[in-house]
Amino acid sequence: MPAEDKAVMLPAEAVGKAAKAPVKAKVGHRVVMKASLKSRTPVTIPVNRLLYVGQDIIARCGSSWQEVVIVKKHERRDFVDVVTKSGWREHRVPLAHVAVPLRAPKKRPVATPQPARLRAPELQNPASLILKRSCCRPLKAGLDTKVMKETDEALHAKVDATEAPGVISVVFRHGVLAHLDCYGYADLERKVPMRPDSIVRLYSMSKCIVSVAAAMCMEDGLFKLEDEVSEYIPAFAKMQVKTEAGELIPAERPITVLHLLTHTSGLGYGPMLGDEPDGEAEERYVPLIERASLGRTNPGDPEAVKTLEQWCQEFAKLPLHSHPGTEWLYSYSHDVVGRVIEVTTGQRLDAFLQKRLLGPLGMVDTGFEIPREKWSRTAGMYRRNEVPVTKAEVTGAAAGQAEEAKDEEAETVYELARIDAAAMETNEWLAGNASPILAGGGSVEKIAGGLVSTAMDYSRFCLMLLRKGELDGVRLLKPESVELLLANQLPGATGKDDVWAFSTAGVGFNLLGSVSVAHPELDEALRPGEYGWGGMAGTAWTNDPKEDFFLLSFSLTAFDLTTEEVLREGVRKAISEFDKRKERALQARLDRHKRMEERRQMLQAQALLQQSSPAKLPSSPSRKTPTPSKRRKSGTPSSARTPSTASSAKKVRTEPEVTPKRRSAARELQRSP
C-alpha cells in the first residue's frame with residue numbers, strides 16, 4: 001500500500017494484537033479501530049460485513065500479499081474469489097488470508113487559536129456523482145434495503161447461471177446515490193472485474209446523446225424539426241417507397257428532421273452482428289453493411305465506405321419501407337441525424353459532441369473509440385447461447401446410460417460466446433481499429449460502431465436530463481428544450497393518435513427513446529411519464545421524473561434487456577415498501593400522540609373538576625391527654641418544651657391533672673359509707 005494512504009492492514013493472524021487490551025481471537029473475526037470512538041477499546045466484527053464485490057483489498061495469494069479485487073463473495077462460506085491487479089489472475093482466497101485497509105486513527109492536534117475562516121456556500125443539491133458503494137444512501141433516497149438486496153441476488157443469479165458475464169446497476173433518487181452494485185466480470189478471458197469505470201459499447205444508446213446534440217443545434221437556430229432533410233442532404237430529395245408487390249413509387253411527402261428523430265421516416269434496419277437477414281426488408285441493406293465493414297477492415301478497397309457523408313449518399317439510394325409519417329419503424333434514422341449536425345455546424349460529429357456535450361458534462365470516457373491506454377478497463381461483449389443438456393449428462397451418467405438419457409427430459413444451460421475480438425491488437429473499438437464512419441445511431445456495419453462509455457459517464461447524462469438540462473452548475477439545455485425532448489412526438493410526426501412504438505398501446509416515442517403514456521392498455525410494469533432506452537450490448541436506462549429517480553444497468557450480453565427490467569421492478573417495489581413502512585411508522589407516531597393528548601385532556605378535566613367542587617374540611621380527632629408514664633417514655637422533659645407548645649397543651653386540657661395522691665384520696669372517699 002502507498003504511504004500516503006495511511007492504512008492499517010490487519011490480517012486474521014493479528015486479531016487481538018492490534019491494541020493494548022487484547023481480545024480473544026475468533027475464526028472469521030477482525031479487530032477494527034474506529035477513529036470516531038473516544039476510547040481505544042478494540043471492537044470485533046465479522047469479516048463478512050467488511051467485504052463486498054468490487055472492493056480493493058490485500059490478500060495472500062500463494063506466498064506473498066498482493067493487491068486484489070473481490071469479484072465474487074460466497075455467503076456463509078469462509079473464502080472469496082479475487083483477481084490480482086498485476087496480471088489479473090483469479091484466486092480463491094480463504095478469509096484468514098484477507099486484509100482490509102483501514103484508516104489510521106488521527107492524532108489530536110494541540111489546541112491553538114485559529115483565525116476565523118470563511119466557508120464556501122454549499123450547493124443545495126450536490127450533483128457530483130461519485131459511484132462508490134460507501135456513498136450509497138438508500139434510506140435517504142427512500143428505498144427499502146431488504147428489497148434492493150433481493151434485487152441484487154436476482155441479478156447475481158443471472159451471472160451465476162452463465163446468462164451474463166457480469167452486471168452493474170446504478171440507482172439515483174432524491175439527489176443522492178441510492179444504490180450501486182457490481183458483480184461478475186467485464187472480461188471473462190482476462191478476468192477483469194466489473195467496475196463503474198468499465199468501458200462498454202452503447203450501440204443504440206448513442207442515439208440519446210445525438211438527440212441531445214440535435215436539441216442544442218435547434219437552440220442555436222441551425223435547423224428545426226419541420227425542416228426537410230433534403231435541405232441539408234440533397235440525396236434525400238426524391239425518395240421512393242417499395243411496396244409489398246415490389247414496385248417503386250414516389251414518397252407521398254418528404255422526410256423531415258422530426259421523422260428521423262421519431263423513427264417515422266420509413267427507413268429500416270439491416271441484420272446486426274453478422275446474422276442472416278430476416279426477409280427482403282433487411283436483405284436490401286446487406287451490400288451497404290459489407291461496404292461499410294470494408295471501410296474499417298480494408299480501407300483501400302474501391303468499394304469501401306469510409307465516411308459518414310459517403311454512407312448517407314449511398315443509403316439515400318435505397319427505397320423506403322413505408323411513406324414518411326405513417327408508421328413507427330426502428331431504423332438508421334439517427335445516423336442520418338448525425339450527418340445533418342455535421343452539415344449545419346461545419347464540424348465532425350465527434351468534435352461537436354466533445355465540445356458541446358461530452359466535455360462540459362464531464363463524460364471523460366465517452367467517444368467513438370477507446371484509447372489504447374484504457375484497454376485494461378475495456379469490457380467484452382458476449383452472446384448467450386442455449387445448450388440443451390440431459391439430466392444424465394448433468395449428473396455425470398456413465399457412457400452406457402446414454403441411450404436411456406435420450407428419452408429423459410432435457411434441461412437448458414447457457415454458454416457465453418465472445419463477439420468482439422479479445423486481443424487489444426484486433427479489437428474493433430480500439431483506436432486505430434475503430435470504424436471510420438461516425439455512426440450516431442449505433443452501428444452501420446456488421447459489428448463495430450457507435451459510442452463507448454462507462455456507468456459513471458452515462459449516469460451524469462441521465463442526471464442532467466432528470467435535472468432539466470443542468471448539472472454541477474453547468475447548463476447544457478434550456479428547460480423548454482428538455483420538455484420538448486421528453487414529450488411524446490408520435491402524434492405530431494404521424495398526425496394520428498393511435499400510432500405506438502413496437503405496436504404496443506401506451507408506449508410512445510419522444511426524441512430520446514420510448515416514453516410511457518397514460519392508456520387503459522398500458523403494461524402494469526410501466527408508469528406514465530417514464531422514459532428511457534437501451535442498447536444492443538445489454539445496456540439500458542430509465543428516468544422517472546415523477547418518482548425523481550434514474551436507473552442504469554449493464555449486462556454485456558447482446559439483445560438482453562432483462563437486467564434493466566429486473567432492476568426497474570425491484571426499485572419500484574423498494575419504493576413501495578419504504579413508503580408503506582414510513583406510513584406505518586407515521587401512523588404509529590400519530591396514535592402515540594393521540595393517546596398522549598387524550599391523557600392530557602383527561603388530567604386537565606380532573607383538575608377542573610376538583611377546582612369547581614367545594615373543599616371539605618377534615619374533622620379534628622379528639623386528642624387524649626397523655627399520661628405521665630407515656631410522657632416519660634417519650635424521653636422529652638417538660639423543661640425542654642417551648643412556651644408555645646406548653647400554652648397549646650394548656651388550651652387542650654379540659655380537666656385538672658389527677659395525681660396519685662388525689663387518686664388514692666378519691667378511692668378512700670368511695671369506700672367510706
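The values are calculated or read from the model by the stated rules, or taken from the named source; none is laboratory data. Treat the numbers as computed from the prediction; the structure is a model and nothing was measured. Note that we place each Cβ from the backbone using ideal geometry, even for glycine, and neighbour counts take in every protein chain shown. Only protein heavy atoms, including side chains, enter the accessible area calculation; ligands, DNA and RNA are left aside. Shrake-Rupley method; radii C 1.70, N 1.55, O 1.52, S 1.80 Å.
Numbers below:
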item: Matching residues in segment 162-197 - criterion: being among the hydrophobic types (A, V, I, L, M, F, W, C), over 15 Å from residue 55 (Cβ atoms) and not in a strand (DSSP E or B); result: 164, 188
item: Condition met for residue 512 (over 25 Å from the mean Cα position of the chain (by Cα), surrounded by 21 or more Cβ atoms within 10 Å (Cβ to Cβ) and of a type outside the set (D, E, K, R)); result: no
item: From 362, 325, 380, 338, residue being open to solvent by less than 10 Å² (accessible area, probe 1.4 Å) and under 25 Å from the mean Cα position of the chain (by Cα); result: 380
item: Filter result (more than 29 Å from the chain's Cα centre (by Cα) and outside any loop (DSSP other than H, G, I, E, B)) within segment 60-90; result: 60, 61, 64, 65, 66
item: Any chance residue 230 is open to solvent by 20 Å² or more (accessible area, probe 1.4 Å), touching a Phe, Trp or Tyr at 6+ places or on another chain (Cβ under 8 Å) and among the hydroxyl-bearing types (Ser, Thr, Tyr); result: yes
item: Given (1) open to solvent by 10 Å² or more (accessible area, probe 1.4 Å); (2) among the polar types (S, T, N, Q); (3) touching an Asp or Glu at 6+ places or on another chain (Cβ under 8 Å), number of the condition residue 204 does not satisfy; result: (3)
item: Matching residues in segment 276-318 - criterion: being over 22 Å from residue 236 (Cα atoms), free of Cβ contacts under 8 Å to residues at least 24 places away in the same chain and in a loop (DSSP other than H, G, I, E, B); result: 276, 277, 278, 279, 298, 300, 301, 302
item: Yes/no for residue 290 being over 22 Å from residue 261 (Cβ atoms) and in contact with a helix residue (DSSP H, G or I) (Cβ under 9 Å, 6 or more places away or on another chain); result: no
item: Members of segment 207-222 that are open to solvent by 10 Å² or more (accessible area, probe 1.4 Å) and in contact (Cβ under 8 Å) with a residue 60 or more places away in the chain; result: 218, 219, 222
item: Residues satisfying the stated conditions in segment 152-182, i.e. of a type in the set (Ser, Thr, Tyr) and at pLDDT 95 or above; result: 169
item: Segment 408-446, residues that are among the hydrophobic types (A, V, I, L, M, F, W, C), assigned to a loop (DSSP other than H, G, I, E, B), within 26 Å of residue 283 (Cα to Cα) and open to solvent by 30 Å² or more (accessible area, probe 1.4 Å); result: 419
item: Breaking point among (1) within 30 Å of residue 416 (Cα to Cα); (2) modelled with pLDDT of 90 or more; (3) surrounded by fewer than 17 Cβ atoms within 10 Å (Cβ to Cβ); (4) of a type in the set (D, E, K, R), for residue 187; result: (3)
item: Residue match in segment 105-122 (condition: at pLDDT below 90, out of contact with any helix residue (DSSP H, G or I) (no Cβ under 9 Å at 6 or more places or on another chain) and surrounded by 12 or more Cβ atoms within 10 Å (Cβ to Cβ)); result: yes
item: Scan of segment 497-516 for residues that are out of contact with any Phe, Trp or Tyr (no Cβ under 8 Å at 6 or more places or on another chain) and at pLDDT 95 or above, ordered by number; result: 511
item: Index of the failed condition, residue 230 passing every other in (1) closer than 30 Å to residue 371 by Cβ; (2) in a helix (DSSP H, G or I); result: (1)
item: Inter-residue pairs, beta-carbon under 7 Å, first closer than 17 Å to residue 571 by Cα and in segment 130-150, second acidic (Asp, Glu) and part of a helix (DSSP H, G or I), 6+ apart; result: 144/577; 147/577
item: Residue check for residue 449: assigned to a strand (DSSP E or B), in contact with a Ser or Thr (Cβ under 7 Å, 6 or more places away or on another chain) and either open to solvent by less than 20 Å² (accessible area, probe 1.4 Å) or modelled with pLDDT of 95 or more (or both); result: no
item: Residue check, residue 493 open to solvent by less than 50 Å² (accessible area, probe 1.4 Å) and either of a type in the set (Gly, Ala, Ser) or not in a helix (DSSP H, G or I) (or both); result: yes
item: Segment 256-276, residues that are buried (at least 24 other Cβ atoms within 10 Å of the Cβ) and farther than 18 Å from residue 318 by Cα; result: 257, 261, 262
item: Among the candidates 242, 317, 238, residue that is open to solvent by 50 Å² or more (accessible area, probe 1.4 Å) and touching a Leu at 6+ places or on another chain (Cβ under 8 Å); result: 242
item: When residues of segment 123-133 are limited to those that are within 13 Å of the chain's Cα centre (by Cα) and exposed (fewer than 14 other Cβ atoms within 10 Å of the Cβ), the one modelled with the highest pLDDT; result: 132
item: Residue in segment 590-612 that is open to solvent by 60 Å² or more (accessible area, probe 1.4 Å), part of a helix (DSSP H, G or I) and of a type in the set (Ser, Thr, Tyr) present; result: yes
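A quick yes/no check of all residues on (1) at pLDDT 95 or above; (2) within 22 Å of residue 363 (Cβ to Cβ); (3) part of a helix (DSSP H, G or I):
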position	(1), (2), (3)
150	yes, no, yes
211	yes, yes, yes
217	yes, yes, yes
246	no, no, no
